[in-house]
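To keep things clear, I will list the structure first and then write my remarks on it.
Only the coordinates and a few stated rules stand behind these numbers; no lab work does. Just so we're clear, the structure is a prediction, and the values are computed from it rather than from any experiment. Note: ideal-geometry Cβ built from the backbone for every residue, glycine included; neighbour counts use all protein chains shown.
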Amino acid sequence: PPSLTSSVPQPPSLTSSVPQPPPLTSSVPQARPVSPPKSSHLVKRAALIVGNTYQNSNHMELLGCKTSAENVKKALEFRGFNCELKLNIPADEILRLVTEFTENKTDFEARLFYFSGHGGNESFSVNGGGHAITENLVGFVDRSGQLYEGGEYVLGQDGRKVFKDEILSSFAKDNKPNVHKILMFDCCRGEKSREMGITQKTTFQLEIMRREEANQKNAHYKNVVILHGTLPHQVKALT
């Protein structure tokens, strides 16, 4: 006789008729991957780095200035600066490099100039016909004192002076307010045997000229930061 179980219809599987919900993860929005910043943005920060060691010159060698310049370059490149490193640069070449660097980086968001080497402060008397001052740099009357006119400078590899005002004038010539302009002077601002730097002992002809931007009403440099490695008229410690 046929098997009794064979004639009994089997109920359909309960799980086969139950609709399955879609995977939960399909309804969860996926976060977009974060793309790295564009490389073109990084090179919008530029730095000109000058380190003078004064090897084979009449001035005391500062071999550590090469190391300082190289370390500054590494630190700035890590922060997205496009750096130009120049070593043992004479005075005229410093000004030429600064002018060329500024003209080629007018559309950059930040420009930085760093100098490591010798520096000082040249003092002279404008009212005295341009005579260099070698002593009594501060004239006292009662309890008040007057510091003679002068200017801070950096020293080129050739021993010639480049006044910081000249560097600033070239570096900030475009005067764009949206460009960060940073100058860093890692050098002395005086001389240990005097309050200020060594001066010429001969009379020189002095002519004061007003630059074009100084003739403008209320002219001033915009968005400029100047950093010094030491206080005014002080000697930077050698390391």
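I'd like the Karplus ³J(HN,Hα) series for region 93-100: coefficients 6.51, -1.76, 1.60, θ = phi - 60°, whole numbers in Hz, and an x wherever there's a Gly or Pro.
Karplus values, whole Hz, x for Gly and Pro: 5, 4, 5, 5, 5, 5, 5, 5.
Which cross-chain or sequence-distant (5 or more) residues have an amide H under 5 Å from the amide H of His228, H modelled 1.01 Å from N in plane?
Phe185
Using θ = phi - 60° and the Karplus form 6.51 cos²θ - 1.76 cosθ + 1.60, what ³J(HN,Hα) does each residue of region 65-71 get, whole Hz, x for Gly and Pro?
The phi angles translate into 5, 5, 5, 4, 4, 5, 5 Hz.
In the structure displayed, which of Lys66/Lys161; Lys44/Lys236; Lys161/Lys236; Lys74/Lys176; Lys86/Lys161 lie more than 23 Å apart, Cα to Cα? Numbers along the way, then the final one.
Values: Lys66/Lys161 19 Å; Lys44/Lys236 32 Å; Lys161/Lys236 18 Å; Lys74/Lys176 27 Å; Lys86/Lys161 17 Å.
As for pairs spanning more than 23 Å Cα to Cα, those are Lys44/Lys236; Lys74/Lys176.
Given a Förster distance of 30 Å, report the FRET efficiency between Glu103 and Asn71 from their Cβ-Cβ distance, rounded to the nearest 0.05. Present the calculation step by step, with values, prior to reporting the outcome.
Values: r = 28 Å, r/R0 = 0.92.
Result of the calculation: an efficiency of 0.65.
I need the trypsin sites (Lys or Arg not before Pro) found in region 39-105, filtered to DSSP loop residues with at most 13 other beta carbons within 10 Å of theirs. Don't skip to the answer; put the middle values down first.
Working: sites: Lys44, Arg45, Lys66, Lys73, Lys74, Arg79, Lys86, Arg96, Lys105; in loops: Lys44, Arg79, Lys105.
Sites meeting the loop and neighbour criteria: Arg79.
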